Amino acid sequence: MGLTMTEKILSAHLVEGELIRGTEIGIRIDQTLTQDATGTMAYLEFEAMGVPRVRTERSVAYIDHNTLQNGFENADDHRFIGSCAKKHGLYFSRPGNGICHQVHLERFGIPGKTLIGSDSHTPTGGGLGMLAIGAGGLDVAVAMGGGAYYITCPKVVNVRLSGKLSPWVAAKDVILEVLRRMSVKGGVGKVIEYTGEGVKTLTVPERATITNMGAELGATTSVFPSDEMTRAFLKAQQREEVWTPLCADDDAVYDEVIEIDLSKLEPLAACPHSPDNVKTMSEIGKLKVDQVCIGSCTNSSLLDMMKVAHILKGKTVHPDVSLAIAPGSKQVLNMIAANGALGDMIDAGARILESACGPCIGMGQSPNSGGISLRTFNRNFEGRSGTKDGQIYLVSPETAAASALTGYLTDPRTLGDMPEFKLPDVFTVNDNMVTLPADEKDMDSVEIKLGPNIKPYPETHPLLETIDAPVSLKVGDNITTDHIMPAGAKILPLRSNIPKISEHCFAVCDEEFPKRAKALGQSIIVGGANYGQGSSREHAALAPLYLGVKAVLVKSFARIHRANLINAGILPLTFVNEADYDKIAQGDQLVLTGVRKAVEEGRTELTVVNKTSGAEIPVLCELTGRTKDIMLAGGLLDYTREALK
């Protein structure tokens with residue numbers, strides 16, 4: 001029996017466990033990346049471990065999220081991250097060099113390697129044939145220190161592509177179709193592996209769009225083969241030497257197979273407020289548009305920009321539409337400036353933003369009240385744009401550009417004949433915005449520069465024997481990390497200050513939660529299905545930790561957030577019977593006794609007693625040997641400190 005591509009990479013990196021679906025495995029990590037919204041905490045955690053220099057093949061610190069300098073906070077974070085990178089052996093991608101996933105794809109990604117990043121869209125690297133996984137900052141810090149990364153051995157889903165995309169139908173429409181079929185929780189515990197003849201028709205940037213937004217499936221990651229198309233991309237990036245062929249065996253066995261004929265796809269849009277609320281243009285109908293934003297790590301490649309520029313050339317953006325475009329990297333910006341595409345965009349009336357995440361994480365360009373905004377981004381969660389009642393639709397760059405001209409949601413197939421868009425034989429390479437680390441002989445002299453907004457990791461404690469606490473908050477299904485710990489220009493600068501950022505925890509759901517939780521001292525959160533979907537931000541665990549949350553009891557968890565809760569020492573519990581969710585109300589007093597002993601003994605079923613109502617509720621506390629030890633220690637930082645002694 002042959003192996004899937006996923007199994008081949010996992011096998012080559014396996015350091016603990018066996019490749020048995022559903023069991024925990026530890027894998028060696030070749031590369032890591034961080035971005036500035038998560039990086040400050042990751043490097044504080046790395047420093048706390050006492051490891052002098054990173055032990056990966058390549059680790060890169062990017063500045064791309066908190067790039068609005070409204071105060072000293074963001075600039076101080078950037079300075080701190082830069083000093084840590086120089087001292088500890090990381091490459092440092094400076095502000096303006098581009099979005100981490102776009103730049104990593106261009107300059108650092110290597111087929112067959114493992115990559116974890118403190119950003120949920122790290123799977124972008126799967127477009128190159130990497131096994132690239134989003135993780136919490138503490139997991140990344142441990143990997144930088146040479147530690148293994150632990151995941152549940154995933155199921156592997158084969159999305160078999162046939163045919164070729166029709167003119168003006170895009171890679172974005174492929175992943176929207178997958179989301180329509182699988183949903184935002186359909187990929188949990190799975191790797192999505194793309195195969196078939198249709199793969200050969202997709203360029204690396206197109207593949208990267210698909211793997212990037214695979215994060216919205218809840219998948220561990222997504223991956224494409226490394227083939228001649230991959231080789232051509234790397235050759236054009238002037239680093240063909242890192243290419244290696246890699247694909248699944250012909251007789252590989254998959255847990256699930258999805259067939260997609262690319263030639264039958266049509267332009268799609270994800271409607272408010274979920275990436276899987278996918279409809280065709282005709283299903284949505286004539287929709288007046290207020291704003292169009294093109295960019296993000298999903299759709300900001302040179303190929304995307306060239307298509308947009310072609311559509312806009314010689315035309316003018318509709319007077320009722322604000323069009324903003326953010327090229328994904330300095331490389332992309334340089335090349336469209338040189339070939340005239342940038343001028344075509346500007347002439348048409350586009351507002352050109354810096355090469356950064358920008359409006360995708362609420363950093364500017366919030367739409368008007370109740371405004372309809374078409375975005376080439378990956379998430380359209382309620383309020384994420386910075387406008388609480390903004391109506392965000394996720395579309396391809398082709399659809400976005402066509403709609404910016406007409407003022408209405410427009411099927412790009414109405415544009416007429418589509419020219420052939422080709423990647424260049426040679427990209428313009430200039431890595432002068434990447435700062436190299438200090439030599440080992442000089443690293444001790446590098447000063448770590450801490451600003452006044454940068455606060456230490458929250459205090460942690462070993463797991464208690466008894467948790468007796470009220471329910472400080474009860475929420476429903478599909479709670480995202482944007483609900484738990486919002487992004488945006490006002491809050492992101494506080495990412496390195498857990499006490500301050502905790503004041504905004506769950507404010508989207510309940511403005512009184514932070515004050516209530518802190519006043520209670522200890523509390524429990526109750527939630528529905530797919531709790532914690534979305535971003536990898538560990539702040540969605542660290543802020544509740546600071547506010548005294550001891551346990552989170554839900555119907556089911558999203559993968560990264562559950563791992564982050566364990567890393568923070570917060571007990572993750574799930575209902576045995578989902579109907580028992582209705583037996584708990586906000587304010588009820590819950591008690592779990594014998595918790596520490598049960599975890600030590602490896603017992604997975606506990607009983608929650610609702611002291612308010614008298615109900616006894618069976619819950620699951622599924623911790624493996626390693627996660628059990630992490631929880632007993634009070635979190636991954638405490639566990640790692642002990643292991644390094």
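Remarks
- Among the candidates LEU138, LEU131, residue that is under 20 Å from the mean Cα position of the chain (by Cα) and under 30 Å from SER263 (Cβ atoms): LEU131
- In the stretch 603-645, the residues that are in contact with a Leu (Cβ under 9 Å, 6 or more places away or on another chain), at pLDDT below 95 and farther than 23 Å from PHE557 by Cα: THR640
- Qualifying position, being surrounded by 24 or more Cβ atoms within 10 Å (Cβ to Cβ), under 30 Å from TYR254 (Cα atoms), hydrophobic (A, V, I, L, M, F, W, C) and at pLDDT 95 or above, among ILE27, ILE81, ILE20, ILE63: ILE27
- Of all residues in the stretch 499-544 being among the aliphatic types (A, V, I, L, M) and at pLDDT below 95, the one that is nearest to ALA215 (Cα to Cα): VAL508
- For the stretch 105-125, residues that are in a helix (DSSP H, G or I) and either crowded, with 24+ Cβ neighbours inside 10 Å or free of Cβ contacts under 8 Å to residues at least 24 places away in the same chain (or both) total 6.
- Of the helices (runs of 4 or more DSSP H) lying entirely inside the stretch 126-220, those containing at least 3 residues that are touching a Phe, Trp or Tyr at 6+ places or on another chain (Cβ under 8 Å) and either assigned by TED's automatic domain parsing to the domain that holds HIS101 or at pLDDT below 95 (or both) span 137-144, 204-213.
- Looking only at the stretch 84-100, and only at residues there that are in a helix (DSSP H, G or I) and out of contact with any strand residue (DSSP E or B) (no Cβ under 8 Å at 6 or more places or on another chain), the one that is surrounded by the fewest Cβ atoms within 10 Å (Cβ to Cβ): LYS87
- Meets criteria (assigned to a helix (DSSP H, G or I) and outside the structural domain of LYS307 (by TED's automatic domain parsing)) for ASP444: yes
- Just one of the listed residues (LEU423, LEU450, LEU464, LEU473) is part of a loop (DSSP other than H, G, I, E, B) and closer than 28 Å to ALA529 by Cα, namely LEU464.
- Whichever residue in the stretch 596-641 is in contact (Cβ under 8 Å) with a residue 40 or more places away in the chain and among the polar types (S, T, N, Q) and, among such residues, is farthest from ASP139 (Cα to Cα): THR624
- Residues in the stretch 417-443 that are out of contact with any helix residue (DSSP H, G or I) (no Cβ under 8 Å at 6 or more places or on another chain) and farther than 30 Å from SER300 by Cβ: ASP439, GLU440, LYS441, ASP442.
- All positions within the stretch 577-596 that are among the hydrophobic types (A, V, I, L, M, F, W, C) and exposed (fewer than 15 other Cβ atoms within 10 Å of the Cβ): ALA579, ALA585
- For the condition of a type in the set (S, T, N, Q) and more than 24 Å from the chain's Cα centre (by Cα), SER59 does not qualify.
- Residues in the stretch 254-271 that are more than 18 Å from MET213 (Cβ to Cβ) and either at pLDDT below 95 or surrounded by 14 or more Cβ atoms within 10 Å (Cβ to Cβ) (or both): TYR254, ASP255.
- Exclusive hit being surrounded by 24 or more Cβ atoms within 10 Å (Cβ to Cβ), under 18 Å from THR399 (Cα atoms) and β-branched (Val, Ile, Thr), set ILE372, ILE325: ILE325
- Note on the stretch 1-42: residues that are in a strand (DSSP E or B) and of a type in the set (Gly, Ala, Ser) amount to 2.
- Residue count for the stretch 160-187 satisfying the condition of being touching a Gly at 6+ places or on another chain (Cβ under 8 Å), farther than 23 Å from GLY534 by Cα and hydrophobic (A, V, I, L, M, F, W, C): 1.
- Any chance LEU571 is crowded, with 22+ Cβ neighbours inside 10 Å, more than 27 Å from ILE151 (Cα to Cα) and touching a residue at least 60 places away in the same chain (Cβ under 8 Å): no
- Some residue of the stretch 356-364 being over 17 Å from the mean Cα position of the chain (by Cα), crowded, with 22+ Cβ neighbours inside 10 Å and in contact (Cβ under 8 Å) with a residue 60 or more places away in the chain: no
- Count of residues meeting criterion [of a type in the set (D, E, K, R) and crowded, with 24+ Cβ neighbours inside 10 Å] in the stretch 522-561: 3
- Set side by side, the residues HIS88, HIS121 differ, and just one is over 20 Å from the mean Cα position of the chain (by Cα) and either under 17 Å from VAL51 (Cβ atoms) or not acidic (Asp, Glu) (or both), which is HIS88.
- Just one of the listed residues (ALA341, ALA270, ALA309, ALA337) is aliphatic (A, V, I, L, M) and farther than 29 Å from ASN432 by Cα, and it is ALA270.
- Test: ASP425 is among the acidic types (Asp, Glu), farther than 30 Å from GLU228 by Cβ and modelled with pLDDT of 95 or more: no
- Filtered residue count, the stretch 395-415, keeping only those that are touching a Phe, Trp or Tyr at 6+ places or on another chain (Cβ under 6 Å) and crowded, with 21+ Cβ neighbours inside 10 Å: 2
The values are calculated or read from the model by the stated rules, or taken from the named source; none is laboratory data. A quick note: this is a predicted structure, and the numbers were derived from the prediction, not measured. Methodologically, a virtual Cβ is constructed for each residue, glycine included, from the backbone with ideal geometry; neighbour enumeration extends over all protein chains shown.
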